[in-house]
Amino acid sequence: MDFKKLAKENRQNINNIIKLITKEENEDLTQEVLIKVWKNQKNYEERGSVKGWISTIAKNISKDYLKSSARKVSMNSSSDDLTINSIQDKNSSPENFYTKLERQKIISNAIEKLKPKLKEVILLTEFEGYTYEECAKKLKCPIGTIKSRIYNAKKELLIELKDLL
């Protein structure tokens, strides 16, 4: 495994995952992911794609970062500070929170209603970040089948979620 090539090919994906989860660009986390990949490259077993393995490491490090930063905020802030911060954020009103929560439930329910094969490709490509090629390999079917399933899943979701648009 050529680590330099691996790091170069996956750096953008790592940055995208970190930004998606933490909502910020964080070069320290990118470095942490690359160090963990480097240290564990000899332990990697080819059961899936290397990109999937690296993506999982990036997701876990990002989630750990959020947990630790949330804990730091709660330890370093009094309840008054937290109240002031939530008042200052115009998007954190109870109505907006409830609306977002309801919207997430509706979308989640719509995905749950999909046929298993359609649901599977949507979850892999849209939520897990797999490419069509990686999805085809994982599901052991042609890429055309993956594209067809994604098209049909999105078509059904569009019908189911028309009220949200």
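Any read-out appearing in this document is the output of simple, stated calculations on the displayed coordinates, not a laboratory observation. Since this is a predicted model, take the numbers as computed values, not measurements. A quick note on method: Cβ atoms are made from the backbone with ideal geometry, for glycine too, and the neighbour counts reach across all protein chains shown.
Observations
- Gyration tensor verdict on segment 119-165 (Cα atoms; rounded if a/c is under 1.5, prolate if a/b is larger than b/c, oblate otherwise): prolate
- Contour minus Cα-Cα distance for LEU123 and LEU139 (0.36 nm per residue): 4.5 nm
- Each of the peptides 145-157, 42-54 was scored by the mean count of other Cβ atoms within 10 Å over its residues; in descending order, highest first, they stand as 145-157, 42-54.
- Computed from the C-beta positions of LYS115 and ASN13 and an R0 of 25 Å, the FRET efficiency is 0.30 to the nearest 0.05.
- Radius ratio Rg over Rh of segment 3-76, counting only Cα atoms, Kirkwood formula for Rh: 1.02
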